Amino acid sequence: MLLEIEQQEFNSLGSTELFIRCTEPTLVQMRVSDPSEKIQIMTELNRSQQAMFMFRLLYPAQNSAVDYYSWLSYLIEQPGYWSGVISGLRFFSEYSLIQLLEESETILEAHDKGIQPEHNTELQASLHPLFARFQSLLPESIERISGYIRSNPEEFVQLIN
């Protein structure tokens, strides 16, 4: 699914705005509850769109350490989501972020899932530095991925003159 956008607007968008705009149509479609529909939507995307969309699933985790814990836990538990995120990051060569997520996964899997992070001081202490690194790495990754979009617009957008 290509985003239709005017050339001038495409050129004027900042990195985060471009990234969000290019993923928003797919995100809206993916809000369906039927897993088979989600699979169908993903198969209609090209490889770079799939990678970018899976990367987009990390975006809500940046808001707080609790969101980071909750969102990563959710992605790990959902069949295909975690591996899809990691695969998407590999597509864009985001190896620092992959390493961070793998460290986070190890810590999350070692803790009792029934205890919320706000009640688990050991988990908080383990996750806080990882969340800080995530907050540092995410904008850099978005910048590089937006650069990829600008270098390969035909994979993401249909430019309207």
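The values are calculated or read from the model by the stated rules, or taken from the named source; none is laboratory data. All of these numbers come straight from a predicted model, not from anything done at the bench. Don't worry about glycine lacking a Cβ; one is built from the backbone with ideal geometry, like all the others, and counts go over all protein chains shown. For the accessible areas, the whole protein counts, side chains as well, though only heavy atoms, and no ligand, DNA or RNA atoms are used. Shrake-Rupley method; radii C 1.70, N 1.55, O 1.52, S 1.80 Å.
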* Out of region 35-55, which residues are open to solvent by less than 60 Å² (accessible area, probe 1.4 Å) and part of a loop (DSSP other than H, G, I, E, B)? -> Leu45, Asn46
* Quick one: in region 131-161, of everything that is modelled with pLDDT under 95 and among the hydrophobic types (A, V, I, L, M, F, W, C), which residue is nearest to Gln49 (Cα to Cα)? => Leu159
* Structure fact -> Scanning region 103-122 for residues that are at pLDDT 85 or above and either polar (S, T, N, Q) or in contact with a Lys or Arg (Cβ under 6 Å, 6 or more places away or on another chain) (or both) gives Ser104, Thr106
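Residue by residue through region 58-72, note down the ones that are over 17 Å from Glu24 (Cα atoms) and not hydrophobic (A, V, I, L, M, F, W, C).
From region 58-72, those over 17 Å from Glu24 (Cα atoms) are 62-72; that's our starting set.
Across region 58-72, the qualifying residues are Gln62, Asn63, Ser64, Asp67, Tyr68, Tyr69, Ser70.
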